[in-house]
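Below is one structure, written out as structure tokens; the observations come after it.
The values are calculated or read from the model by the stated rules, or taken from the named source; none is laboratory data. What you see is a predicted model; the values in this text were computed from it and never measured. For neighbour counting, all protein chains shown are included, and Cβ atoms are generated from backbone atoms with ideal geometry for every residue, glycine included. Please note that ligands, DNA and RNA were not included when accessible areas were found on the heavy atoms of the full protein model with its side chains. Shrake-Rupley method; radii C 1.70, N 1.55, O 1.52, S 1.80 Å.
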Amino acid sequence: MSEAPQYYKITVKHEGVAKQILLYPGMAIGEIKAVLCSAFGITVPIVGLRDAAQDIHFPLTLLSRAPSYFSSRPVYELLLESFDEDEEEEDEMAAGGPAVRPPRPSWAPSLEGTVD
């Protein structure tokens, strides 16, 4: 009787380039990120994977906990953290507008007219 494999191979795609990586159960998230960044030569933070055929997004923690699930599935796309200024403005407006500095408490000294 053969044992279940201790590692699993998955295929990940980024910008049209597909690479195979190995995972093992309990693999540290930092190690998964490092392998993916190294494989694709990217520096933008990786936040997960996406099954494009079903439009399902997976967090890296699930890769660590259940690598066997990903080894028998199609190619995954990398999900990278986005720093879109328009998105930040939309988030601020959804939260009630841009962040506003709270008023100075009456007991706090005024810094007007001071020179550094």
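For the reader, a short list of remarks on this structure follows.
- Scanning the range 5-13 for any residue that is touching a residue at least 40 places away in the same chain (Cβ under 8 Å), open to solvent by less than 60 Å² (accessible area, probe 1.4 Å), β-branched (Val, Ile, Thr) and more than 14 Å from Leu80 (Cα to Cα) turns up at least one such residue.
- Taking every residue in the range 47-69 that is farther than 16 Å from Ile21 by Cβ and pairing it with any residue that is of a type in the set (Asp, Glu), at least 6 positions away or on another chain, the pairs with Cβ-Cβ distances below 6 Å are Val47/Glu81; Ala52/Glu77.
- Of the residues making up the range 33-45, those that are touching a helix residue (DSSP H, G or I) at 6+ places or on another chain (Cβ under 9 Å) and either open to solvent by 70 Å² or more (accessible area, probe 1.4 Å) or over 22 Å from Ser72 (Cβ atoms) (or both) are Lys33, Ile42, Thr43, Val44, Pro45.
- Of all the listed residues (Gly30, Gly26, Gly48, Gly16), the sole one being surrounded by fewer than 16 Cβ atoms within 10 Å (Cβ to Cβ), within 13 Å of the chain's Cα centre (by Cα) and not β-branched (Val, Ile, Thr) is Gly30.
- Wholly enclosed strands (runs of 3 or more DSSP E) of the range 14-116 bearing at least 3 residues farther than 30 Å from Glu3 by Cα and modelled with pLDDT of 90 or more: 76-80
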